[in-house]
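Since the structure comes first, as structure tokens, the remarks are kept for the end.
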């Protein structure tokens, strides 16, 4: 049911902050101003009745009498969506207002009476946030009435009306919105998104984002949850019959446009809740045979008794369905506010500066050019925006190179591999970049003098402008190569390798920058990940799995790399992923549901009296904080989804000692055991054995930090809590291992007995890496900086 009646046919948004006087408080943005309104409604009605199955547009419910009846519905105790949203805004309006940027344009889709919205507007006013508020409505008279009902003493919030439909608003915004117009927030209350099917909702939001918004813009969306079916049905079928009057009044309204051909005595209201699909439908149900052939003009106008004409849908969303909706629309979560009963959510989401498309990414084939474009956006944001030129000489992690090295290393590595793999390609100028940027430093932490081959550090790094030009030259080379339809497999392998190398170094640079006090915060809203919290989990703290022989690896032979083939012809993996092999394992394993949390590790430190905190923390053991790119956030033990419940990021050595302290047989799992856990809970059966389902994981910058485990998730899978996972397996040469032809030292240089395998993925891992089941990562056991945590397991009978 529409909370905001006037949005039934769509509508809205606004451009830059406008200065208007009282005489211009309503802007007519309708694209069809001169079309007879009665003829337009009649056409919509006839088109709907001719469809199969027949429908009547929802907006027909909201004539003057319908608005009065709907207002009465919102005061019914059984109609919970309205009261839930009011309670959220009453309690959290200031919190929401504080989360919106200053000097924002706030545009509301279907403002209605503004009874709820005024809570937000007054909160913005009390915080003295300069805001241009645009209220969209299909009815100019109701729009004027609503605006005039506001407190005219507003000084920081300006109010303007928009008269038009959703389509009018989207098109108008696309014409007037510019990247320089400041932050835009689109407000869509009342769970009005529920009047669209799941596919329609995602299409609507995706089109809005694509055509009318820019990175950094936000949506505030009210969404009703999948609640108890009896409660939902009652909300639309009240004992007083007011909903019935409301729906049947819509038929009376339709009749005024159809010359009274629909006799009211022929129809009855019928409400149906489809609990498995999660939506309610409102119908006009024919009491007897009805003949509308005279007005419809064909035999479809004969409607036998019992025929239903749908007039309204109200879709409900589980937290996973909401997450999938946002993922499909390229919207990332920032905050979520929930009513006390956990029945309704108000979501703040934003348009990210890049999007790795978790749901569509192919983890084994050569990436598309579009995937490259998104990766380049992310690399530029981190390596140039967050890492300023004044930081280039810094070494946030003393055992690694200066920051300047990484700007040049990523394009140079790619050009090196391209010139090795593709005949007739010469190194791009300046050619000496191949010498100074070829490979970074990764010394033995126990003896830093011991280090594998690496590029010699020059006396002075090239200028930022020179490196920038070189980077764009390499990217131009990539785009030219993609214009070919075929290439040798070795050529495609070089491109695939360069892509994944850049994705991995994106993460390297980020965990380095987290250690620097001069890093610039990313231009995204701080994702207060308490938004993924909710009611207590119904799952136990541990679960038991039975171990069986498990297949590892990927099929990717390099003996045919000289053949010429299309880009999609082959699947690729790094040398340590190959060949396919079977690991023999058996027995039962008790597995912790969550990774070791910051709160867990803090309790351990306090128990043993240690003052040595992880590198991922700030503060002290007495007053610990978790480092993020926005600020260091203090622990709050009472917050079930806050930083205290995020996974601790620490070295394997530290977590192994923690497991020993925990006792009772708890330990860090082996690679095969952790892979078996993932296979039980994250295998994507729809795409075969080679891929994990990471749709709901905290990877690919969904948040810019780790998160607690969502109560709806049975057990943490790859990337669910936003960090990789340590295994007790030492990186070593396995049967059948052959160094890769293009990069033979990639894994072989680390068979030193000091590196352990890590699996899964972190909040900034590219989805093709954490989704590919065969992918393996590794770090030295003493390394404290990478985004890696761990879980506990123990053998059981």
For residue 203, state whether it is surrounded by fewer than 17 Cβ atoms within 10 Å (Cβ to Cβ) and touching a strand residue (DSSP E or B) at 6+ places or on another chain (Cβ under 7 Å).
no
So which residues in region 333-392 are at positive phi and in a helix (DSSP H, G or I)?
none
Selection count, region 620-648, where residues are modelled with pLDDT of 95 or more and either loosely packed, with under 15 Cβ neighbours inside 10 Å or not assigned by TED's automatic domain parsing to the domain that holds residue 717 (or both):
4
Within region 660-687, which residues are out of contact with any helix residue (DSSP H, G or I) (no Cβ under 7 Å at 6 or more places or on another chain) and either outside the structural domain of residue 790 (by TED's automatic domain parsing) or more than 28 Å from residue 551 (Cα to Cα) (or both)?
660, 662, 663, 664
Condition first: touching a strand residue (DSSP E or B) at 6+ places or on another chain (Cβ under 7 Å) and under 30 Å from residue 748 (Cα atoms). Can you find one or more residues in region 448-467 that meet it?
no
Out of everything in region 474-485 that is loosely packed, with under 14 Cβ neighbours inside 10 Å and at pLDDT 90 or above, what residue ends up being farthest from residue 380 (Cα to Cα)?
483
Out of the residues in region 697-706 meeting the condition of being within 17 Å of residue 768 (Cβ to Cβ) and in contact with a helix residue (DSSP H, G or I) (Cβ under 6 Å, 6 or more places away or on another chain), tell me which one is surrounded by the fewest Cβ atoms within 10 Å (Cβ to Cβ).
699
Assess whether residue 685 counts as being modelled with pLDDT under 95 and at positive phi.
no
Just to be sure before I move on: is residue 293 without any contact (Cβ under 8 Å) to a residue 12 or more places away in the chain and closer than 23 Å to residue 250 by Cβ in the structure I sent?
yes
Can you confirm whether residue 691 is out of contact with any strand residue (DSSP E or B) (no Cβ under 6 Å at 6 or more places or on another chain), closer than 28 Å to residue 561 by Cβ and buried (at least 19 other Cβ atoms within 10 Å of the Cβ)?
yes
Residues 100, 69, 121, 96: which one is closer than 30 Å to residue 258 by Cβ and surrounded by 20 or more Cβ atoms within 10 Å (Cβ to Cβ)?
69
What's the number of the only condition in (1) closer than 19 Å to residue 777 by Cα; (2) in a loop (DSSP other than H, G, I, E, B); (3) touching a residue at least 24 places away in the same chain (Cβ under 8 Å) that residue 714 fails to meet?
(1)
For residue 461, all conditions in the list (1) surrounded by fewer than 15 Cβ atoms within 10 Å (Cβ to Cβ); (2) outside any helix (DSSP H, G or I) hold save one; what is the number of the exception?
(1)
Identify, by number, the condition in (1) touching a strand residue (DSSP E or B) at 6+ places or on another chain (Cβ under 9 Å); (2) buried (at least 16 other Cβ atoms within 10 Å of the Cβ) that residue 293 doesn't meet.
(2)
Any residue at all in region 385-399 that's modelled with pLDDT under 95, farther than 30 Å from residue 273 by Cβ and not assigned by TED's automatic domain parsing to the domain that holds residue 488?
no
Answer with yes or no whether residue 522 is outside the structural domain of residue 570 (by TED's automatic domain parsing), crowded, with 18+ Cβ neighbours inside 10 Å and either at pLDDT below 95 or not in a helix (DSSP H, G or I) (or both).
yes
Is it true that residue 171 is out of contact with any helix residue (DSSP H, G or I) (no Cβ under 6 Å at 6 or more places or on another chain) and surrounded by fewer than 20 Cβ atoms within 10 Å (Cβ to Cβ)?
yes
If we keep only residues of region 717-730 that are in contact (Cβ under 8 Å) with a residue 40 or more places away in the chain and over 20 Å from the mean Cα position of the chain (by Cα), then the residue surrounded by the fewest Cβ atoms within 10 Å (Cβ to Cβ) is 728
Considering only residues of region 278-328 that are over 26 Å from residue 210 (Cβ atoms) and assigned to a helix (DSSP H, G or I), which is modelled with the lowest pLDDT?
299
Yes or no: residue 709 under 22 Å from residue 787 (Cα atoms), at pLDDT 95 or above and crowded, with 24+ Cβ neighbours inside 10 Å?
no
Go through region 547-564 residue by residue and tally those that are surrounded by 13 or more Cβ atoms within 10 Å (Cβ to Cβ), within 19 Å of residue 692 (Cβ to Cβ) and touching a residue at least 60 places away in the same chain (Cβ under 8 Å).
6
Would you check which residues across region 171-192 are assigned to a loop (DSSP other than H, G, I, E, B) and in contact (Cβ under 8 Å) with a residue 12 or more places away in the chain and list them?
177, 178, 179, 181, 182, 183, 189, 190, 191
Would you mind stating whether residue 467 is farther than 28 Å from residue 772 by Cα, touching a helix residue (DSSP H, G or I) at 6+ places or on another chain (Cβ under 7 Å) and part of a helix (DSSP H, G or I)?
yes
Selection from region 121-170 of residues that are modelled with pLDDT under 90 and part of a loop (DSSP other than H, G, I, E, B)
138, 139, 149, 150, 151, 152, 153, 154, 164, 165
Filter result (over 21 Å from the mean Cα position of the chain (by Cα) and buried (at least 19 other Cβ atoms within 10 Å of the Cβ)) within region 368-385
383
Give 318, 378, 368 a once-over and let me know the one that is without any contact (Cβ under 8 Å) to a residue 12 or more places away in the chain and under 25 Å from residue 718 (Cα atoms).
368
Is it fair to say residue 408 is under 29 Å from residue 515 (Cβ atoms), touching a helix residue (DSSP H, G or I) at 6+ places or on another chain (Cβ under 7 Å) and at pLDDT below 95?
no
Do we find that residue 567 is modelled with pLDDT under 95 and buried (at least 19 other Cβ atoms within 10 Å of the Cβ) in this structure?
yes
Given the condition in contact with a helix residue (DSSP H, G or I) (Cβ under 6 Å, 6 or more places away or on another chain), assigned to a helix (DSSP H, G or I) and either within 30 Å of residue 98 (Cβ to Cβ) or without any contact (Cβ under 8 Å) to a residue 40 or more places away in the chain (or both), answer yes or no: does some residue in region 224-240 qualify?
no
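The values are calculated or read from the model by the stated rules, or taken from the named source; none is laboratory data. Because the structure is predicted, anything quoted here is derived from the model rather than measured. Please note: Cβ atoms are built from the backbone with ideal geometry, for glycine as well, and neighbour counts cover all protein chains shown.
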